[in-house]
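Read the figures in this text as sums done on the coordinates, not as results from a lab. Only a predicted model underlies this, so the values are computations on that prediction, with no experimental measurement involved. For neighbour counting, all protein chains shown are included, and Cβ atoms are generated from backbone atoms with ideal geometry for every residue, glycine included.
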Amino acid sequence: MSDATQFTPRGPRPRRIFSAPNIFLYGTLTVVAAYYALPLYVMITTSLKTMDEVRAGNIFSLPTQWTIEPWIKAWATACTGINCDGLSRGFWNSVRILIPSVILSISIASVNGYALANWRYKGAEFFFAVLMIGAFIPYQVMLYPIVLVLRAVGDFFGFQLYGTLGGLVIVHTIFGMPILTLLFRNYFSSLPEELFKAARVDGAGFWRIFFQVMLPMSLPIFVVAMILQVTGIWNDFLFGVIYTKPDIYPMTVQLNNIVNSVQGTKEYNVNMAATLLTGLVPLVIYFASGKLFVRGVAAGAVKG
Amino acid sequence: MKLTTKLLAATALVGASAASATELEVTHWWTSGGEAAAVAKLAEAFNASGDTWIDGAIAGSGGTARPIIISRILGGDPMGATQLNHGRQAEELIEAGLLLDITDVAEAQGWRDIINPISLLDSCTVDGRVYCAPVNIHSWQWIWLSHKAYADAGVAMPTNWDEFVASAPALEAAGKIPLAMGQQPWQSSGAFGVIAVAIAGPDVWKAINIDKNAEVAAGPEMAKVFEAAANARAMAANSNVQDWNQATNLVITGQAGGQIMGDWAQGEFQVAGQVAGVDYECLPGLGVNEIISTGGDAFYFPVQSDPEVEAAQKRLAALLVSPEVQVSFNLAKGSLPIRGDIDMSAANDCMRKGLAILAGGNILPDGNQTLSPDTSGQIEDLMVEFWNDPNMSAADAQAQYAEIIANAD
Amino acid sequence: MTVADTGTASATRVHRRRPRILRNLASKTASIPMVATVLVIFIGCTLWTVIYSFTKSRLLPVPLFETMPLFSIPVPHLLASDGSWDFTLITGLKSSSFVGTDQYDRLWGTRRWIVSIGNLGIYGLCSMTFSLVIGFTLAALLDRKIRFENAFRTIILYPFALSFIVTGLVWQWILNPNFGIQKVVRDLGFENFVFDPLYNDKYVVYGILIAGLWQGTGLVMCLMLAGIRGIDEDIWKASRVEGIPVWKTYVMIVIPMMRPVFVTSVVIIGAGIVKVYDLVVAQTSGGPGISSQMPALYVMDKMFKDQNLAQGFAASTVMLMTVAIILIPWAYFEFGRKKNV
Amino acid sequence: MNTNNFSVQIKDLDLAFGPVKVLRSLDLDINHGEFLVLLGSSGCGKSTLLNCIAGLLEPTDGQIFINGENVTWKEPSERGIGMVFQSYALYPQMTVEGNLTFGLRNARMPKAEIQKRVARAAEILQIEPLLQRKPGALSGGQRQRVASGRALVRDVDVFLFDEPLSNLDAKLRADLRVEIKRLHEQLQNTMIYVTHDQIEAMTLADRIAIMKGGNIMQLGTPHEIYNKPLNKYVADFIGSPSMNFLDGEFKGGAFVKGDVRLPMKGYEFQAAQTPDQAVTIGIRPEHVITGELVANAPVKMEAKVELIEPMGSDTLVWVRVAGEPFRIRVDGQTQLRNRETLTIGIDPARASLFARESEVRL
């Protein structure tokens, strides 16, 4: 064991980049990443090919003749019935659904979460518990009665609710409530209670504390909630089908219509372009928000 | 003379109220090439009369569209007018008072005198009141055959179902699909109905579908039908398209020998620029029993609070039955007109065959008119399974079928 | 708790306690939407559906009761001869709309429903198992302090941002035998290669599974990764000092420690499985045949297409029960445990 | 130099996380059976060094020997060490016995041997009744013992402790401190113990290494460290309440600040000749002489009481010396009043003198 005669280990252990564990680790991850990335790649390349090439070629090959025709067609001229204005209408409909739904659902849920976290009253826990359980009830159970409820509420106030933007906004607010309330309640509970107490001692009331103390500290959680809602509402299909009518169909429903409106053969390149266009908004949000998105889904999910 | 006065009165009715142009949203599920072209005819005519047609096309099949249409009517957001297959689909809506009574239009225009067959109007009538305007007759009872496919395979064009079955091996040997079938449930159920009428005959069909006779459904006549359907299933084994018009496209391009499909398939041949008798052939009643089933589409008009809208709804109802619209619409769609008093000389071979059979009165009601949607749905579920599962025996399927008929209402 | 106390304190200062209902009024006002949602939607609508599943409603919900003059019919018959329920004696209300469990009897006698439940079972079991195994394995791989961790995570999670409709359409395209993987492999020279899960009634559920996993495993991986990262670093050190192999540490020590994360994941995956609808609609619409039918499709079809509301309600009530079977043990585990602490 | 003379030997150890150097060419020799405490405030590198010894962190450069064997490239489990962690790191789903035996079972040790070791460890640590319980059902002190037990069953020569008591309350900490000391007495093996608590360090250690910024500031017995801190940092760090420091000049063998003059008679200088220079003198509050003993003090001065902090056994008195605040620790029984003038005495032999610039002991 005399060191002098041998090579002496010193410093970090020598590493081979191509060690067996590394090959396994990165190999597996690369294969997995390919599986996940493949559909996006196929969508993009197919949407840039001509129909002839789609029929003749390999879905994994790059286009030989690049064309943005399918994109233009998907956006502006693809037909559902005799309406040939592509997905553009659905896009703007989705935007018109999205903005009020996100604002309303987040406003209500944030105030509600704040009330549950800081101003507990008798019975609050019960309602909150039922709200959480409600998140797991299959939508199908409630779809039909909600039509009747919307109609009744509309009749009561003397305006149309079912089948309009307003009705869909309310439905999104209702079904976004459990997860958002949870998110906000947990966040507001995690803020130091002293802060709240100090504001109380200073004589501030419910709304003053909310707007002047809580809100300024809550930007991150609002961003998280927004990511969650924008993605969720944009991707919604079921409510869009049931609670709207064709001229305010959101993009997902219109996508399904365009793809299923077959005239002759299926135009896969246009379908892929339309699919990509529909997925674009959540994808952009995802890639732009990065870790916040992960935080959002993890926070939303872990405690769900 | 009497007729002219009535027509004049109707025109006056239309003319008087056309002064105020109204927007009407019209929902329908005509989204394939031929269908869309036909809808455009309706829209054009309506717009030309001064009102505005807001198109509410819902893609997919009636199965997808109907829920949307009905839930909108129920939800208090009715459209101006909507397509529905006339028959029992609207029964409950009428009972609930959600659909507009257009008896005045029907009487003013003398629908009872001009609509042929009159069963179409009867389907629109509940307790003596008229609730819908029929627009066309669609018959399921056709098979469409490809000249190219048979030429490629080097066999003679079959003239009836038995010959078609006999020619199947030759087609298969030539790499063709003998029978093109889509996978939507209504296609499976419809094709079965056609085979049933052709093999077991109209009387058996009526006993089951009108009288709900479960014994007949379980009987030997139907057993033959199920055997034939199982045989057809084998011929369609390689046809893995989803939509009916993709299946039609297989026939158009000569990849498949034939397709059992209603006369709306003709619109697809037309859009593809094919000529009946040259590029494709049509056999009514599978060439066995030349017969026409008189299903079809009708427009219903949900009750609206605005009297102006109601007036426009009635204008549209009158327009849909008018001779000009009947001609242009049905020519585009490949369906038969609902009145016998118009000039269909522009019709092609296949349509003429249909018109002739219709004129001869060799007609059957459509399943939609005799069975409740619930029962139709159950039969669809059974048929789609039967057509797609080669392991499901004919006897097994027949037993289930008889049970559905026994419980039908 | 302290909040309520402060409220009470300020009330006593003015020597006049406000009535209970008015105390903390702003907070209660803020909760009106929640209370309304809970009462009307989650409780009201659910009960409504369950009750109407015992009726004979077709296109329209039938009226439950015909009002009768109260106590006007003294004839004591509890069950009418036609089997309908009669409340005459007790309430003065008469109902002939109820059909007992007829809808459920029919439901369980329908092949399509049985197939749907079977599919849901297979899809659910596989989806659950694979989501957990793949999610955990990927999380463990990413946890190994690798390079490009962010890139890998971004790629694996992005499908979660896409809707089921988009997911379904893309995979329908890739799995299409005439254009997708099957064709590519055949073009490489393997003429007899067959890979058409969406067109084969035996494998179609697995075709849907491929797409479902693609969309959802990223989320499970993120949950798992958060769980793994939440484990005390010292545990890893301890196992290294004791010479326990890495995989064994994950299996024997880390997984047992992540029980809450697993439970959460199971609940999330489970709730998602029962709701699976869009994906099937976009990929197969239940076909070929009825081989990829799911309960949610059955409900939608019966409720809207086939104009048999009560049948749809019965089916959705069964779905509700399925969720309850998953949810109740979880709630018991979650809240029962908290009480002990 | 024969490495076999030492239980653990660290040579020229460097560790950097990217640009941040955590350990800087560190040398440390630890004798067989020695109880060495690594002491320092958080971020000083003490835990890092311990993790390097354990093999849980890879050094950027340098070598580590255990029992004469170069273990620099060895896995932690092959180094012949046992380790006790701050959070105990017990496997929560296993019983105490499972925790103790998991590593051994994994190494496929014969059952009988495992039994024997567990029995011995349980006896030494008095945890026999706990063997079938799960960690969740144990108190903090019990968990700590189980964690020690897990190191004990490995039957190794070197024990590493990473702040093992800092999660416990003060009283329990004092009790377990004694137990660890007793354990060391009994086992007589090498123990390296990381803490930020100077009482633990003083009571347990044979030698203390005080660390700061990745360097060892002083390595010595508790006595040396307390009485002869090698630099101002160590002087300040050790002792509670901490040492008083006065900046002044060293002139002609005496500390001078304003009108205060302290002749450094009896002070053991590090060098034979110490030139005049700017210095800092450090005087521990407990080394200030008060009461009757002042009469014999080498240096006397007057100070006015500004604040009194009674602490029970002692009383801390704040006065002002040469215009600076100055702490004095007196017996708790002493009666004092605010603004009273006090005569205090200072013994230069017990003071510490540091060069102002380098902060090194003179």
If you build the Cα gyration tensor of the stretch B:200-341 and take the root of 5 times each eigenvalue, what three semi-axes come out, in whole angstrom, biggest first?
34, 24, 15
Apply the Kirkwood formula to the stretch C:193-285: the hydrodynamic radius equals the inverse of the mean of 1/r over all pairs of different alpha-carbon atoms; give it in Å with one decimal.
15.9
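Using just the alpha carbons, could you tell me how many Å³ per residue the convex hull of chain B encloses?
Considering the Cα atoms of chain B, their hull volume per residue is 124 Å³.
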Kirkwood Rh over alpha-carbon pairs of the protein assembly as shown, then Stokes-Einstein at 37 °C and 0.692 mPa s: what D in µm² s⁻¹, rounded to an integer?
86
Is chain A rounded, prolate or oblate when judged by the Cα gyration tensor, a ≥ b ≥ c being the square roots of its eigenvalues, rounded requiring a/c under 1.5 and prolate requiring a/b larger than b/c?
oblate
Ranked list, fewest to most other Cβ atoms within 10 Å of each Cβ, for B:MET383, C:MET252
C:MET252, B:MET383
If each Cα of the stretch B:258-409 is one equal point scatterer, what is log10 of I(q)/I(0) from the Debye formula at q = 0.12, 0.14, 0.15, 0.16 Å⁻¹?
-0.73, -0.93, -1.01, -1.08
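With the radius of gyration and the Kirkwood radius both derived from the Cα set of the stretch D:3-236, what is their ratio Rg to Rh?
My calculation puts Rg/Rh at 0.97.
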Show me, bin by bin at 10 Å from 0, the whole-percent P(r) of the stretch D:237-355 based on Cα pairs.
13, 46, 31, 8, 1
Once the in-chain neighbours fewer than 8 apart are removed, the lysines whose Cα is under 23 Å from B:LYS176 read A:LYS266, B:LYS148, C:LYS183
What whole-number distance in Å separates the alpha-carbon centres of the stretch D:190-252 and the stretch A:54-127?
65
In deg cm²/dmol and to the nearest 500, what is the mean residue ellipticity at 222 nm of chain B if only DSSP H runs of at least 4 residues count, each as -39500 (n - 2.57), divided by the residue total?
-15500 deg cm²/dmol
Sequence-separation-based contact order of chain B, relative, with Cα cut under 8 Å and 6+ spacing, percent:
28
Where does the charge balance sit around C:ILE290 when Lys and Arg score +1, Asp and Glu -1, over other residues with C-beta under 12 Å from its C-beta?
-4
Ranked on Cβ counts within 10 Å of their own Cβ, fewest leading, D:ARG143, D:ARG120 go D:ARG120, D:ARG143
Select from chain A the helices, each a whole stretch of DSSP H, whose alpha-carbon atoms run 18 Å or more along the helix axis and whose Kyte-Doolittle mean is at least 0.0; answer none if there are none.
A:20-47, A:88-118, A:139-157, A:165-190, A:219-235, A:268-289
Which trypsin sites (Lys or Arg not before Pro) in the stretch C:190-284 pass both tests, a DSSP loop state and at most 16 other beta-carbon atoms within 10 Å?
C:LYS202
Which value, in Å to one decimal place, does the Kirkwood hydrodynamic radius take for the stretch D:286-332 when every pair of different Cα atoms is included?
11.2
More than 14 Å apart: what percent of Cα pairs in the stretch A:20-67 qualify?
56
Projected-area mean, the stretch A:140-241, by convex hull of Cα positions, square nanometres
8.5
Rank these for me by crowding, C:VAL261, D:VAL156, going from fewest to most other beta carbons within 10 Å.
D:VAL156, C:VAL261
So who's got an amide H within less than 5 Å of the one on D:LEU57, skipping anything under 5 residues away but keeping other chains? H placed 1.01 Å off N, in plane.
D:CYS52
Can you list the residues, at least 5 places off or on another chain, whose amide H is less than 5 Å from the amide H of B:GLN242, using H built in the peptide plane?
B:GLN183
Once you order the gyration tensor axes a ≥ b ≥ c over the Cα atoms, which shape class does the stretch A:37-113 get: rounded for a/c under 1.5, otherwise prolate or oblate by comparing a/b with b/c?
oblate
Chain A: relative contact order as a whole-number percent, Cα under 8 Å and 6+ apart:
27
Principal axis extents for the stretch B:250-331, Cα atoms only, whole Å, descending order, please.
53, 29, 22
Over all pairs of distinct alpha carbons, what does the Kirkwood formula give as the hydrodynamic radius of the stretch B:136-266, in Å?
15.0
When the helix-only estimate is applied to chain D (DSSP H runs of n ≥ 4, each -39,500 (n - 2.57), divided by the residue count), what is the mean residue ellipticity at 222 nm, nearest 500 deg cm²/dmol?
-7000 deg cm²/dmol
Rounded if a/c is under 1.5, else prolate if a/b is larger than b/c, else oblate: which is the stretch C:105-340, with a ≥ b ≥ c the root eigenvalues of its Cα gyration tensor?
oblate
